[in-house]
Amino acid sequence: MGSPPPAPRVLLLTGAPGVGKTTLLRRLLADLQVPRGGFLTGEIREGGLRLGFALETLDGRRGVLAHRRLPGPPRVGAYGVDLAVLDGLGTAAVEAAVAAGSLTVIDEIGPMECASPRFVAAVEAALAAGVPLLATVVLRPHPVADRVKAHPAARRLTVTRATREACFAEAAPLLRALTGDRCLSG
């Protein structure tokens, strides 16, 4: 008889682009009353066209992560990625959250972010440190994302338009248990 699997301390939201992973993540964080750090992303749109992605740390610092008009390198698809913004804001916020032992929030672990060796190291440090981690992660195969998804302490929820509410209902108590928070509405 083996020992039971470890309780999840890594909660991952995955799914196709545009299904609401970031919206669900924001909703989970809305009433959470625990120390946390990290970053969120959002689309930059103009006239219905997605031009890029903004990054905002949980303490309110902002920058343009990727944009069609940024030259790169690196380039991921149509977007040039600003590694100075990623590392100076996003990765630094992840590193600080891990160092503080806080809930660490990463939106997202995908090709743009993984173009930064410092970001990849910060994700690996978060996994090794044992801090609670809440992250969105790219659905399609990617070497770094696949390692995160396979982590033994990870619980992965696949978000679709049809399952968003069910994912919230499942994720809220998991996050409550993960952080010890009693104020998260479910």
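Bear in mind that the values in this text are calculations on the coordinates, not laboratory data. The shown structure was predicted, so the numbers you read here are calculated from the model rather than taken from an experiment. Every residue, glycine among them, receives a Cβ derived from its backbone with ideal geometry; neighbour counts consider all protein chains shown.
Give me the percent of Cα-Cα pairs in the range 60-123 that sit more than 15 Å apart, rounded to a whole number. When every Cα pair of the range 60-123 is considered, 48 percent fall beyond 15 Å. Note on mean projected area of the Cα convex hull in nm²: of the candidates (i) 11.2; (ii) 10.4; (iii) 13.1, the value calculated from this structure sits at (i). Across the options 104, 54, 127, the greatest Cα extent toward the positive end of the charge dipole of the chain (unit charges at beta carbon of Lys, Arg, Asp, Glu) belongs to 54. Computed 3J(HN,Hα) for the range 33-41, one whole-Hz value per residue from the Karplus formula 6.51 cos²θ - 1.76 cosθ + 1.60 where θ = phi - 60°, is 10, 10, x, 8, x, x, 8, 10, 10, glycine and proline marked x. Using 0.36 nm per residue of separation minus the Cα-Cα distance, give me the extension gain between residue 129 and residue 23 in nm, one decimal. That works out to 35.5 nm of additional length.
Counting only Cα atoms, the size of the range 87-143 along its three principal axes is 30, 21, 16 Å, in decreasing order.
Projected label points at residue 61 and residue 155, each 7 Å from Cα along the beta carbon direction, are separated by 3.2 nanometres.
The length gained on full extension between residue 70 and residue 140, counted as 0.36 nm times the residue separation minus their Cα-Cα distance, comes to 22.8 nm.
Computed about the Cα centre, the dipole magnitude for the range 10-179 is approximately 380 debye when only Lys and Arg (+1) and Asp and Glu (-1) carry charge, each at its Cβ.
All other residues whose Cβ lies under 10 angstrom from that of residue 55 are scored, Lys and Arg at +1 and Asp and Glu at -1, for a net of -2.
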